[in-house]
């Protein structure tokens, strides 16, 4: 470390190597701060960036880099946090990820209030603005194509869960076959009852699987029919969702802004129809279109 | 409907992680790490998943159906 660096104020960030953290793109000048009229003395702009509290003043503010009509929303971050080695280490720290994911999303949602956005995955980092511009240059056409698709649209997500015990109970009451078997078990001898019980359990299990597939499939198809694009994602296990019920559908939909109410109503109807059977619906939005801005499009389905 | 419709803060965090960790535009910047390789982080339990296989083991008997994302 040079003498100059030793003497430098810790907050003199021109001496510190900074990297560029990319949040998203917009197709018009993004609004990144509160209007001046609302700002009181000492107040901070609306969006705080990825570097967090260690980095003071202007450097941590999201700003934008313009290139060919594309606006990249970015902020400066420190090497000691975001270099390849340090990033790898931090990515094993759940609390760090939780904090950074929240900031990433907050910035993008803030920008999304006034502009169409193309969100990037967490952790897209450049050494220089020139490199960022080069990336924009390399994919400019694909980004512009995405903006044409996304303008005036929103992403909404549907996660469907199943309370297995509740559904089993509903099936037990609904399925004639099973009701019949229960009667037979009641009047059967010990050995026969045991065998019948096993048979009943298997039938219950098979019916359960069929019903889950049916409800998941139906829910997806209904919303897909009301959307421009739809996508099915990996199911998340209970250990991740921390719920008592099992995820049976993880899906996302790209929808015209003025058609969103159709989906909300459709979900309400699904709830009315299936809640009693232990099927629970989480319909959330609007989200930045994470699921519909891939540079390669093979996973999306058209509605 | 300007706001994200959520039930609670925990629901939001799950939804955010389900998006920012491996969705959105995925290109190599200058710092090349793959969060997908780092795997999905469990909320609370802080367990690292290494594969779908591990997920199935932790969950018990898998629920099979057409609703899984094709790998």
inquiry  = Suppose we keep only residues that are touching a residue at least 40 places away in the same chain (Cβ under 8 Å) and in a helix (DSSP H, G or I) within region A:228-259. Which one would you say is farthest from residue A:161 (Cα to Cα)?
reply    = A:257
message = Can you find a residue that is crowded, with 18+ Cβ neighbours inside 10 Å and facing another protein chain (nearest Cβ under 7 Å) anywhere in region A:143-156?
response = no
inquiry  = When you scan region A:260-278, do you find a residue that is closer than 23 Å to residue A:119 by Cα, touching a residue at least 40 places away in the same chain (Cβ under 8 Å) and not in a helix (DSSP H, G or I), even just one?
reply    = no
request  = Mind listing whichever residues of region A:146-181 are free of Cβ contacts under 8 Å to residues at least 40 places away in the same chain and under 29 Å from residue A:264 (Cβ atoms)?
outcome  = A:148, A:174
query = Since residue A:199 meets every condition but one in (1) in contact (Cβ under 8 Å) with a residue 24 or more places away in the chain; (2) in a helix (DSSP H, G or I); (3) more than 14 Å from residue A:160 (Cα to Cα), which condition does it not meet?
reply = (1)
query = Taking region B:8-40, which residues are modelled with pLDDT under 55 and touching a strand residue (DSSP E or B) at 6+ places or on another chain (Cβ under 7 Å)?
reply = B:39
Selection from region A:247-267 of residues that are facing chain B (nearest Cβ under 8 Å) and buried (at least 21 other Cβ atoms within 10 Å of the Cβ) = A:248, A:249, A:250
ask   = Has region A:268-277 got any residue that is within 21 Å of the chain's Cα centre (by Cα) and buried (at least 18 other Cβ atoms within 10 Å of the Cβ)?
value = no
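The values are calculated or read from the model by the stated rules, or taken from the named source; none is laboratory data. Since the model is a prediction, treat every value here as computed from it, not as a measurement. With ideal geometry, Cβ positions are generated from the backbone for all residues, glycine too; neighbour counts draw on all protein chains shown.
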